[in-house]
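Reading through the structure tokens given below for one structure.
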Amino acid sequence: MKIKLSWALGVLAVVVAVLVAAAFFRGSDRPAVAASAVPAPQQAGPAAIAFPPGSPQLSMLRSEPASAMAVPLADALAARVAYDEDVTTRLFPPVAGRIVSLPAKAGDRVSSGQVLAVIDAADFGTARADLDKAKADEERKRLAYERARDLGPGEGIAVKDLESARADLDAARAETARAQQRIRNLNPRGLPVQGQQVALTSPMAGVIAERNATPALEVAPGASTPLFVVTDLRHLWVLIDMPERLLGTVKAGARVAVESDAYPGEQFLARITQVGQVVDPNSRRIVAKARIENSDGKLLPEMFVRALVLQDSRQAVRVPNTAIVNRGVFSYVFVETQPGHFERRKVELGLRGADSSFVTSGLAANEKVVTTGGILLDAEMATAQKR
């Protein structure tokens, strides 16, 4: 009885194993069947290929419209954004003292004459006291001279005493003038003064781009760092590091396309106003200054950007270098003529840069160029031609 039971259990185990193996192999066959169900890409012309909807290759391709622009003289040049010094002021402490009030902070928009800081200046208090003392002494000596003059020389007063009174009055007037000049030297801008507290005001309307002043800070004339930098950020400079080989072709008035990593695919237009007259002995570069309008406030001083000096006489279509497929000495791009349909075009490059190139023939503006997956398309097209 035990032998029959063991034999039955063994047969049952074999049957279960066979069923499990059959289920496994049926499951492993399903991906192969699904994969074989996806149709292969087909040749749609002598230099075109079409992918049916749902093809896995389409997920590895990306197309973007190509844009036309003026051809630059050279590849993108390193540049940085800077303050427009024509609309920028740096405010240094006019007198020695201590800051007692700071009504303005960085980022504030200020108007001309607005108070930025109040400085308690002991030197100014001393100068004001010296001026008041000089005026009082001048008034006293003026009265003394007038009394001596009214008495008359040779009658009620000696001539030498009248001359002495006159000399004392002249000396007092000179001392008053000296005290007034010292006040003007301490306050050349005519800042508002109350007692010995001087109000530091903005000479122009703009934005406080930098504030290096802090409460209770001790300040003095001759500091190397300004307390405030006030500027109009709607106007900026772009300082371009230009190789000396371009010195003969880049002139004032040339247009410049400025690009920033902060805004991919966006360009800002600037215009060169001055080309430097000195070559840096270390980098062999010349600084060209361009003025750029920044009404939308996207660009900020000290940003690193790229500058393309444009040629107004030549237009071309700009494509990223990832879109170019090289076959021997010829260059090609793939254009998506309709969803899933791609055409290979032979193109001529007017300028090939580090990141992008300019196509002078073979491609029109606003056509959708394959920027990612061009090599895959080229391989698929070769495979389709062999079928």
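Computed over the chain, the per-residue total of -39500 (n - 2.57) for DSSP H runs of n ≥ 4 gives a 222 nm mean residue ellipticity of -10000 deg cm²/dmol, rounded to 500.
Where Lys and Arg each count +1 and Asp and Glu each count -1, what net charge lies around E163 among other residues with Cβ under 13 Å from its Cβ?
Once all neighbours under 13 Å are counted, the net charge is 0.
In terms of the mean number of neighbouring beta-carbon atoms within 10 Å, the peptides 207-217, 306-316 order highest first as 306-316, 207-217. Taken as entire DSSP H runs, the helices of the chain that both span 30 Å or more between Cα atoms along their own long axis and average 0.5 or more on the Kyte-Doolittle scale are 2-37.
Farthest toward the positive end of the dipole of the chain, out of A179, F358, P52, is the Cα of P52, where the dipole comes from beta carbon charges about the Cα centre.
Give the residue from G374, A134, L308 lying farthest towards the positive end of the charge dipole for the chain; charges sit on Cβ (+1 for Lys and Arg, -1 for Asp and Glu) and the dipole is referred to the Cα centre. The residue sitting most towards the positive pole is G374. Calculated accessible area for the chain comes out at 57 Å² per residue, all protein chains present (probe 1.4 Å; ligands, DNA, RNA ignored).
Positive-end ranking of A220, T383, F342 along the dipole of the chain, with charges on Cβ about the Cα centre, is headed by T383. Please work out the C-alpha center-to-center distance from region 89-154 to region 202-254 and express it in whole Å. Measuring centre to centre over Cα atoms gives 31 Å. Between S112 and S361, the modelled label-to-label distance comes to 5.8 nm, taking each label 7 Å out from Cα in the direction of the beta carbon. Around the Cα centre of region 61-136, unit charges on the Cβ atoms of Lys, Arg, Asp and Glu (plus for the first two, minus for the last two) sum to a dipole of about 280 debye. For the chain, with equal point scatterers placed on the C-alpha atoms only and solvent neglected, what are the log10 I(q)/I(0) values from the Debye formula at q = 0.07, 0.15 1/Å, to two decimals? Calculated log10 I(q)/I(0) at the listed q: -0.65, -1.23. Quarter the surface of the alpha carbon convex hull of region 275-381 and you get the mean projected area, 10.8 square nanometres.
Heavy-atom accessible area with a 1.4 Å probe sorts E348, E380, largest first, into E348, E380. To put it simply, the accessible area of region 244-387 at a 1.4 Å probe is 51 percent carbon and sulfur. Here D355 sits with roughly 110 square angstrom of accessible surface, probe radius 1.4 Å.
The values are calculated or read from the model by the stated rules, or taken from the named source; none is laboratory data. Predicted model only: the values in this text are computed from it and were never measured. Cβ coordinates were reconstructed from backbone atoms using ideal geometry, including for glycine residues, and neighbour counts include every protein chain displayed. Quick note on the areas: whole protein, heavy atoms, side chains included, nothing else; ligands and nucleic acids left out. Shrake-Rupley method; radii C 1.70, N 1.55, O 1.52, S 1.80 Å.
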